[in-house]
Each structure stands twice: as C-alpha cells, then as structure tokens.
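Please read the structure below before turning to the comments.
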Amino acid sequence: MRIVDVCEFYAPEGGGVRTYVHAKLKAAAEAGHRLVVIAPGPADHVAEFPGDCRLVTVKSPPLPFDRRYAMFWDARPVHAILDAERPDILEASSPWRGAWIAAEWQGAAVRSLFMHHDPLSAWAYRWFDGFVARDQVDRHFEWFWRYLRRMCARFPIVVCAAPSLSGRLAAGGIAGTVTIPMGVDGGVFSPAHRDEALRASLLDRCNLDSQATLVLGIGRHTPEKRWPVVIDACTMVAAERPLGLVLVGDGIHRKRVLEAIGGNPHITALAPTHDRALLARLMASADMLAHGSAAETFGLVTAEARASGLPLILPDEGAANDLADPAYAETYRTGDRRAAADAIRRMLARDPATLRRATGAAAAAARTLDEHFIDLFDSYAMMLERRLAA
C-alpha cells in the first residue's frame, strides 16, 4: 500500500507523536508499505527513511503558544505532494487544519482520521476541573462537538488508540470510530533494564540514599500534564518518609514546573531524552511512575512504564486510566493533590512481593507497537479491498 499521513502534531522536539511517527515509518518499511509523512515545519525539507519511506516537512507558521510546533496553513503544497504520491490510504492525524486539507484533496484515496489529540481533555475539562461535571462541559461546548461531527464525517473511520476516547467520541455522535490499541517498542522496555547504580545516582540527585523511594514523572511541561499535582503529592508523602521525585521533560511551562518544585531538595528536573535505551533504564530503575494528565489519547509513557515493571499512580480519567489495572496501579481523583498523595501512600503500603509479581506479569504481557501497526495496516488493507470491490 501507498500510505500518506498528514501529521500536524509532528515536531523534531516533540514527544509521543514523534516517537510514534518514527516507529510507524520503520514498521511500514518492514511490512512492505510505502509511507510518506507530511508535517508542518520551519522550512521545506525531505528526510529519507528505509524502504522508500519519507518524512516531508512543509514550511508552515509556528504555533504562537509553543513554537516547537507548526500548523498547516496553505493547502496547495500539501495537495501537490499528494498529487505526486497518489496514495491508496490518506491519513490525517489531527482534528484541525491538517484534517480539512486531507479531506479536501480531490484524489481517490481511502481516508482515515487518527485521533492523536483530545482537545476537550487538554483544555475544557482541565479548565473546569472541580467546578463543572464533564457532561455539563460537553453541553457548554456543543459547538465544538458540532465541529468535530462535521469534520469527522469526511472520514470513513476515526481511529483511537484507547477505548475511553473511542467511547467518548461515539457517545458524542462521531460515526465510524474504531479502537486500535497502541503499544510500546518491542524489546526496548523491560524490568530487566533495572540499574541499581543509576537508581542510587538519581536518588542522590534528590539528596536521598538508596533506601528511599524513587518516583518518576515523564512528559512535556505543559498545562494539561498537571505536574504541580504530582509535585505537591510527592512533597506531602516525602514529609512522612524518604521519597524522591525525578521529572524528565521540558516545555513551555518549564518555569511554572520549576516554581512548583521551589526549593524542595528531594525533587529534581532532568532534560528530556530521545535515547530510548536510556529512557528504558530510567523507567526500570524507578520504584513507581506518577502521572498527572487526563488528556492523553493513549498514554504512551504509562504503557512504557508498565512494560518496564513499574507500579503506576494515575488519574481516574483519560486514556492513561485505561491501563490502570488494580493489580499494579492506584488511581486518584484527577487534579486532586491530596488524593494523589493518598494513592502513593496506598501503593507504598502494599506487599512488595505481591506487587512485584503483578508488575512482572503486566510487563511480560505488554502489547507492542509492532502489534499495533499490524492491526492498523490490516484495517487499511481491508478498507482498500472493500473500496476496490465496490
């Protein structure tokens, strides 16, 4: 198959979408498909990948609130690439301008929308947390649901990586919604990568010895990640017992994250890394992962932590919560610092041997990205076969 992905959320300094796109380029080549990813960026550029796959950047204006990312504006250069590629499958990866550009192209490709973004969770639900129930927020933002229904109607299928998002979209009147669960890099994340020397070094950065508990938080420093919730929760627990928090990430709200840390000597912030092997060692060497965001469309970091054998502290809403098996996870009311601290306390009170067995079993059963891409490409092949038969 010839597949083109109009991917508005890709950026060289990005997080989960960047990781996903590079894995997808590799998986497509290995499966014998030709994948071209079109992304907005600061300049026109073509990056070649194995298997005649390519990442094509189209010069586009940057987003005003995060200049690492850009937004498609002019449809003509994107349509010109599509005219030259003549894809069998045309995928859009955002509900914004990129989706409309893909929908309006006049070619004969089968179209799909992959929901890499959950706008209501990222913004509206977060703004009204603790004040207004989500169903009331949905009623207030019915204009957005109307927009989403009109835009999604241009695509035969709308792919979600988590059942919670599929359910919300279907309940909101989005037709053609399907769930194709995502996964983690096969063979990369594993409890076998635990490094006690690295763990001791990280705790030392938190001014603690190796007898303390090491909590890990990974993700961009943006409002929807709710890092102050995680920071305050860990600070509360650290007042009762030795506990350190290591945050890995960066972003437009780094200053606010550092302000939330304040002078706490038991919390340290590290720069993000694209070294997957190092990230796997970091995860396997911690004692638990604490997560604040309820805005993910899958929760890749959470899945990677589970595959690394980590117990999970998760909010009770959002796609990350889809991975919250009670055997190895504790949940808390989204956005509630005290509830998050209580979740950490409950995890610390568990029997260590029982918890190790549960996290080990979860790691061994972790779904891989290879499995995700097999299912995704198979679904596209079936769509194409139905089109040809018709």
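Rule-based calculations on the coordinates, nothing more; no lab input. This one's a predicted model, so the numbers in the text were calculated from it and none came from an experiment. When we count neighbours, we look across all protein chains shown, and the Cβ atoms used for this are built from the backbone with ideal geometry, even at glycine.
Only lysines eight or more places from K255 in sequence, or on another chain, were considered; those with a Cα closer than 18 Å are K225. The amide H of T331, built 1.01 Å from its N in the peptide plane, has L314 as neighbours under 5 Å, considering only residues 5 or more places off or on other chains.
Of the GluC sites (Glu not before Pro) in the range 170-242, which ones lie in a loop per DSSP and count no more than 11 other C-beta atoms within 10 Å? Walk me through the intermediate numbers first.
Details: sites: E196, E224, E240; in loops: E240.
Filter output for the range 170-242: E240.
Whole-Hz Karplus values for the range 278-293 come out as 5, 4, 5, 5, 4, 5, 5, 8, 8, 9, 6, 10, 10, 10, x, 7 Hz, taken residue by residue from phi with 6.51 cos²θ - 1.76 cosθ + 1.60 and θ = phi - 60°; glycine and proline positions read x. Between A364, A280, A269, the Gaussian network model of the chain with springs among Cα atoms under 10 angstrom shows the greatest mean-square fluctuation at A364. Largest mean-square fluctuation among F298, F114, F377, in a Gaussian network model of the chain whose springs join Cα atoms under 10 Å apart, belongs to F377. Taking amide H positions as modeled 1.01 Å from N, with prolines and chain starts lacking one, the residues under 5 Å from I157 and 5 or more places away or on another chain are L113.
Determine how many Å³ per residue the convex hull of the Cα atoms of the chain encloses.
Value for the chain: 136 Å³ per residue.
A simple spin-label model places pseudo-atoms 7 Å from Cα toward Cβ; at W145 and H45 they are separated by 4.2 nm.
The long axis of helix 16-30 is offset from the longest Cα principal axis of the chain by roughly 60 degrees.
Once both labels are positioned 7 Å from their Cα atoms along Cα-to-Cβ, the gap between E104 and A75 label points is 0.3 nm.
Once Rh is set to the Kirkwood radius over Cα pairs, what Stokes-Einstein translational diffusion coefficient, in µm²/s, holds for the range 59-98 at a temperature of 37 °C and a viscosity of 0.692 mPa s? Display every interim value, and only then the final one.
On the way: Rh = 11.6 Å.
The diffusion coefficient I find is 284 µm²/s.
Close amide H contacts of I218 (hydrogens built in the peptide plane, cut-off under 5 Å, sequence separation of 5 or more or a different chain): V248.
Under conditions of 4 °C and 1.567 mPa s, the range 191-364 yields 83 µm² s⁻¹ as its translational diffusion coefficient, taking Rh as the Kirkwood radius over Cα pairs in the Stokes-Einstein equation.
Helix 369-389 sits at what angle to the longest principal axis of the chain, using alpha carbons and giving 0 to 90 degrees rounded to 10? Tilt relative to the chain: about 20 degrees.
Which percentage, to the nearest 5, of the DSSP beta bridges contained in the chain is antiparallel? Please report the intermediate quantities before stating the final value.
Working: 7 of 51 bridges.
The antiparallel fraction comes to roughly 15 percent.
Here the Gaussian network model covers the chain, with springs between Cα atoms less than 10 Å apart; of L314, L348, L282, L348 fluctuates the most. Note that the range 157-173 has calculated 3J(HN,Hα) couplings of 10, 10, 8, 10, 9, 9, x, 5, 6, 4, x, 5, 5, 4, 5, x, x Hz, one per residue in order, obtained from phi through the Karplus relation 6.51 cos²θ - 1.76 cosθ + 1.60 (θ = phi - 60°); glycine and proline are x.
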